[in-house]
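The values are calculated or read from the model by the stated rules, or taken from the named source; none is laboratory data. What you see is a predicted model, and the numbers here were worked out from it, not measured in a lab. Backbone-built Cβ (ideal geometry, glycine too); neighbour counts: all protein chains shown.
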Amino acid sequence: MPLKIALLPGDGIGPEVTAEAVRILKNVAEHAGKSLTFSTHNIGGVAIDSDGQGLPESTLEACLGANAVLLGAVGNPKFDGRVPSQRPEAALLALRQALGGYANLRPAICYAPLAKRTAFQPDKVKGADLLIIRELLGGLYFGEPRGFEASGDTAFNTLIYSRHEVERVARVAFARARERKGRVASIDKANVLECSQLWRRVVSEVAKEYPDVALEHVFVDTAAMRLATAPTSFDVMLCDNLFGDILSDQAASVAGSLGLLPSATLGGKVDLYEPVHGSAPDIAGQGLANPIGAIASAAMLLRFTAKMEKEAAEIEHAIEDALAAGARTRDLANPGERVLSTQEMGQAIEESLADVRDRRHSYHGV
Ligand code: IPM
Ligand code: MN
């Protein structure tokens with residue numbers, strides 16, 4: 001059965017980085033004898049321009065008919081004056097809601113060759129390997145009522161969570177922790193927010209189903225501090241929608257660049273894969289963007305949707321090898337280092353992928 005992938009390149013650097021992810025996916029498909037089909041659709045600012053709406057009906061239909069969606073980025077400062085519901089970002093939120101995935105997995109790894117590149121002391125960040133599980137369909141992002149009062153001088157949003165929303169995402173966190181170092185840090189603000197008190201209670205209950213996993217509750221402000229001072233002390237971080245959004249960008253600083261981070265959104269009708277970074281309009285169209293977040297998202301697609309674990313791991317090794325060999329896009333380069341374009345980074349990873357495969361073969365004496 002061919003695997004149908006709906007491609008939504010979106011705005012800014014989205015088209016450039018998704019092109020490199022597709023390059024790698026095509027390479028893998030060819031080697032594995034697996035059929036992947038791609039169809040490309042508009043979303044975000046480009047869709048507002050072409051179709052008058054951020055999430056055109058045809059795009060949504062194509063996504064719902066696909067096995068997985070691979071998205072680049074949405075957002076364009078030209079829409080900055082608009083209310084949230086009329087902005088490109090609203091299209092992404094509507095898509096997330098329609099696809100139904102509630103668990104957003106955001107791994108952040110500090111690769112050894114980049115440890116010197118982060119803002120932190122290399123020995124503090126080296127070895128950091130954490131997984132943020134962000135609840136993606138609830139909380140402040142979607143809570144009603146929301147809006148401006150008639151005066152325009154007062155605005156309000158609603159933070160709301162129900163037991164089942166917390167339970168289902170907590171289960172994903174504990175299950176993933178089992179496959180990793182067996183530790184979950186549940187992030188909340190239970191000293192101030194009722195929602196966080198519910199969150200803490202429900203997570204503690206779910207924890208009883210996973211006695212082999214260690215659970216700690218950490219206030220979000222403390223977690224932010226600890227991410228900067230002792231990132232290796234975290235394994236899985238379970239977060240609500242807003243805290244997960246914020247802490248995943250902070251986790252990117254531990255990895256070295258926001259351009260490195262991938263994500264997978266699971267649990268709904270169709271899985272959604274997208275890099276954590278935004279549309280970066282300031283560098284769009286210049287070949288300056290880092291495609292690793294998008295390529296690593298494609299690896300997650302192979303792992304979770306296509307069940308091609310070997311190929312997913314090979315891509316991840318290829319990324320690590322390319323970085324170890326000195327491949328650097330602009331966001332990763334120290335002064336004086338050679339800077340690769342988005343395409344050149346994609347090519348470098350494609351080349352190391354071939355090496356990774358060769359090495360695997362020789363290990364097995366083939
Ligand atoms: C992210 C982004 C989105 C979010 C924006 C673009 C709506 O920041 O995926 O982290 O806030 O979820
Ligand atoms: Mn974000």
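Exactly one residue among Gly75, Gly10, Gly44, Gly14 is surrounded by 23 or more Cβ atoms within 10 Å (Cβ to Cβ) and touching an Asp or Glu at 6+ places or on another chain (Cβ under 8 Å), and that residue is Gly44. Please determine, by comparing only the residues of segment 97-150 that are of a type in the set (Phe, Trp, Tyr) and within 16 Å of ligand 1 (Cβ to nearest atom), which one is surrounded by the most Cβ atoms within 10 Å (Cβ to Cβ). Per the criteria, the residue is Tyr102. Val184 meets each of the listed conditions (1) surrounded by 24 or more Cβ atoms within 10 Å (Cβ to Cβ); (2) within 16 Å of ligand 1 (Cβ to nearest atom) apart from (2).
Checked against (1) within 16 Å of ligand 1 (Cβ to nearest atom); (2) of a type in the set (Gly, Ala, Ser); (3) in contact with a Phe, Trp or Tyr (Cβ under 9 Å, 6 or more places away or on another chain), Ala190 passes all but condition (1).
Say whether the condition of being part of a loop (DSSP other than H, G, I, E, B) and at pLDDT 95 or above is met by at least one residue in segment 242-249. No, there is no match, as no residue in segment 242-249 is part of a loop (DSSP other than H, G, I, E, B) and at pLDDT 95 or above.
This table checks each residue for (1) surrounded by fewer than 23 Cβ atoms within 10 Å (Cβ to Cβ); (2) more than 30 Å from Thr158 (Cα to Cα); (3) among the acidic types (Asp, Glu); (4) outside the structural domain of Arg171 (by TED's automatic domain parsing).
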| residue | (1), (2), (3), (4) |
| --- | --- |
| Tyr210 | yes, yes, no, no |
| Phe219 | yes, no, no, no |
| Ser233 | yes, yes, no, no |
| Pro262 | no, no, no, yes |
| Tyr273 | no, no, no, yes |
| Asn290 | no, yes, no, yes |
| Ala296 | no, yes, no, yes |
| Met308 | yes, yes, no, yes |
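Scanning segment 235-260 for residues that are more than 11 Å from ligand 1 (Cβ to nearest atom) and among the acidic types (Asp, Glu), which turns out surrounded by the fewest Cβ atoms within 10 Å (Cβ to Cβ)? The extreme case among them is Asp235. Screening segment 47-66 for residues that are surrounded by fewer than 23 Cβ atoms within 10 Å (Cβ to Cβ) and under 22 Å from Gly278 (Cβ atoms) and picking the one that is nearest to the chain's Cα centre (by Cα) gives Leu60. State which residue is nearest to ligand 1 (Cβ to nearest atom) when the search covers only segment 274-295 and only residues that are closer than 18 Å to Pro77 by Cα and not in a loop (DSSP other than H, G, I, E, B). Applying the filter and picking the extreme gives Pro281.
Selection over segment 242-273 of residues that are charged (D, E, K, R) and either within 15 Å of ligand 2 (Cβ to nearest atom) or free of Cβ contacts under 8 Å to residues at least 60 places away in the same chain (or both) gives a count of 2.
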